[in-house]
Amino acid sequence: MSIFEQRESNIRAYGRMYPAVFSTAKNARQMDDQGREYIDFFAGAGVLNFGHNNPRMKRAMIEYLEQDGVLHSLDMQTTAKAKFMQRFTDVILAPRNMPHRMQFMGPTGTNAVEAAMKLARRATGRHDIVAFCHGFHGMTLGALAATANQYFRGAAGVPLLHVQHAEFGCPQTLQELASRYRDPSSGVTPPAAFLLEVIQAEGGVNVADAAWLRELAALAKAVGSVLIVDEIQVGCGRTGSYFSFDGMGIEPDIICLAKGIGGVGTPMAMNLVHPELDRHWSPGEHTGTFRGQNLSFVAGAEALSYFQTHHFMDEVAEKALLAQQQLQPLLDADHSLQLRGKGLILGLDVGDGERAAAIVKRCFDEGLIIASCGTGGRVLKLIPPLTIPAEDLVEGLDILINSVRSVMEAAA
Ligand SMILES: Cc1ncc(COP(=O)(O)O)c(C=O)c1O
């Protein structure tokens with residue numbers, strides 16, 4: 001028995017799904033300790049947008065370490081943090097005329113969501129938040145209340161209160177909510193916030209359309225609710241633009257970022273907070289020992305250089321098109337399959353969790369790391385590094401297509 005089987009908590013999940021011991025990794029390929037190579041269509045669930053051990057990011061981190069750069073600093077001011085903040089301002093915020101402040105907190109996504117929910121409640125004096133069916137926002141109790149999945153909610157051990165879940169992407173739901181908020185005798189009052197992912201990643205790669213998003217943003221504004229967009233999995237270039245909502249005509253009050261913002265695998269989370277809301281925080285009111293992740297600032301500053309021109313996003317668009325073209329014959333041959341997504345987050349809905357699990361296993365046996373998501377795990381989620389070479393993308397897709405074919409044929 002391995003040390004993992006002997007000693008690791010029963011909670012381990014991915015280690016069971018991918019029973020290899022990984023040792024090294026480069027861009028979209030991971031190696032195990034037996035020298036076997038895998039193509040990575042999972043990318044740390046959206047962390048490794050710039051590939052494993054991105055050479056530019058790695059070099060910057062090594063230089064910083066060799067200079068004895070400050071590694072831990074709580075939320076003190078450091079040169080690494082200043083460079084990251086300046087570059088984020090220049091490359092992302094200023095071109096979009098976004099006045100948002102950057103709030104750093106504990107370095108995981110759930111920390112960012114907790115902080116956003118707390119601030120929305122503080123600023124509005126309201127308790128309830130509207131999140132959406134199939135949304136995923138993290139595991140700590142506040143964020144878990146907004147996470148829809150029953151399996152995760154069941155582990156809370158206490159009631160998960162003050163969040164209601166509305167139908168995602170449904171115009172009629174918004175109209176019904178609006179009419180209830182307008183009716184002083186409906187018994188329903190407007191929420192502190194609407195919290196959503198523009199593309200529900202864990203929820204099955206469900207894509208909201210721009211018209212629905214604008215309607216939701218207008219409703220939030222009309223009833224004085226904060227609009228929180230959780231960009232933790234689909235931000236940082238994943239969809240072909242830095243934010244998944246770019247060009248859709250909405251202006252979120254709070255944007256939660258994590259995962260790809262550090263981008264190399266060291267953690268960092270950051271909320272972009274509209275100054276009107278930010279003034280409701282008092283110094284040090286929402287702390288976190290690890291909110292000054294200097295190595296992540298160094299890597300994150302380097303990651304931002306990918307967005308200084310349009311080339312990187314053009315490449316993502318080309319690869320997204322290539323992926324869709326490669327998958328099209330599979331979809332044409334089997335109309336029960338559905339492909340959803342945008343940019344380099346694609347979801348292949350095979351209609352059944354057991355079938356999807358069999359495909360994940362077969363892919364792994366053939367050298368492809370891919371995960372499933374959605375209700376019962378019925379959707380195969382393709383989120384390769386954005387830097388994946390076209391050849392690796394095609395090779396990985398070939399493995400996926402063959403695996404889907406053989407599992408679907410066996411099930412027919
Ligand atoms: C959209 C979204 N929000 C929040 C989280 C939670 O992030 P973390 O696992 O870093 O706490 C995730 C993680 O997958 C996510 O996909």
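Any read-out appearing in this document is the output of simple, stated calculations on the displayed coordinates, not a laboratory observation. Quantities reported herein were computed from a predicted structural model and do not represent experimental measurements. Heads up, the Cβs are rebuilt from the backbone with ideal geometry, glycines too, and the neighbour counts pull from every protein chain shown.
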Ranked by how many other beta carbons lie within 10 Å on average, peptides 386-393, 64-71 from highest: 386-393, 64-71
Cross-chain or 8 or more residues apart, Cα under 20 Å: how many lysine pairs in the chain fit that? Count them up, please. 15
Label-point gap, in nm, between H280 and E5 - each point 7 angstrom along Cα→Cβ: 5.2
If you rank I401, I254 by fewest surrounding Cβ atoms within 10 Å, what's the result? I401, I254
Rounded to the nearest 5, what % of DSSP beta bridges with both residues in the chain are antiparallel? 65
Loop trypsin sites (Lys or Arg not before Pro), region 227-288, which have at most 13 other Cβ atoms in a 10 Å radius of their Cβ (DSSP): R279
Return the distance in nm (one decimal) between the two label points of a simple spin-label model at L331 and R36, each offset 7 Å from Cα along Cα→Cβ. 3.1
If we count other beta carbons within 10 Å of each Cβ, what is the order of T78, T108, T239, T375, fewest first? T375, T78, T108, T239
Could you order peptides 6-12, 53-59, 156-162 by the average number of other Cβ atoms within 10 Å of their residues, highest first? 53-59, 156-162, 6-12
If you average 1/r over every pair of different alpha-carbon atoms in the chain and take one over that average, what Kirkwood value in Å do you get? 22.1
Evaluate Rg over Rh across region 1-82, taking Cα atoms for both radii and Kirkwood's formula for Rh. 1.08
What residues have an amide H closer than 5 Å to that of A25, excluding those fewer than 5 places away on the same chain, when H is modeled at 1.01 Å from N in the peptide plane? M31
From the backbone phi of region 38-55, what are the Karplus-calculated ³J(HN,Hα) couplings (6.51 cos²θ - 1.76 cosθ + 1.60, θ = phi - 60°) in whole Hz, Gly and Pro given as x? 10, 8, 9, 9, 10, 6, x, 6, x, 7, 8, 4, 10, x, 5, 6, 3, x
Fewest-first ordering of S403, S244, S185 by Cβ atoms within 10 Å yields S185, S403, S244
Once phi is turned into ³J(HN,Hα) by the Karplus curve 6.51 cos²θ - 1.76 cosθ + 1.60 with θ = phi - 60°, what whole-Hz value does each residue of region 137-150 show in order, with x for glycine and proline? 9, x, 10, 6, 4, x, 5, 5, 4, 8, 6, 8, 4, 5
Calculated from backbone phi, Karplus (6.51, -1.76, 1.60) coupling profile of region 159-164 in Hz, x at Gly/Pro: x, 9, 10, 6, 9, 10
Taking only the Cα atoms of region 69-307, how large is their convex hull per residue, in Å³? 123
At what distance in angstrom do the alpha carbon centres of region 333-368 and region 145-208 lie from each other? 27
Amide proton proximity set for L368, modelled H, under 5 Å, gap of 5+: I39
Alpha carbon centre of region 248-283 versus region 22-42: separation in Å? 31
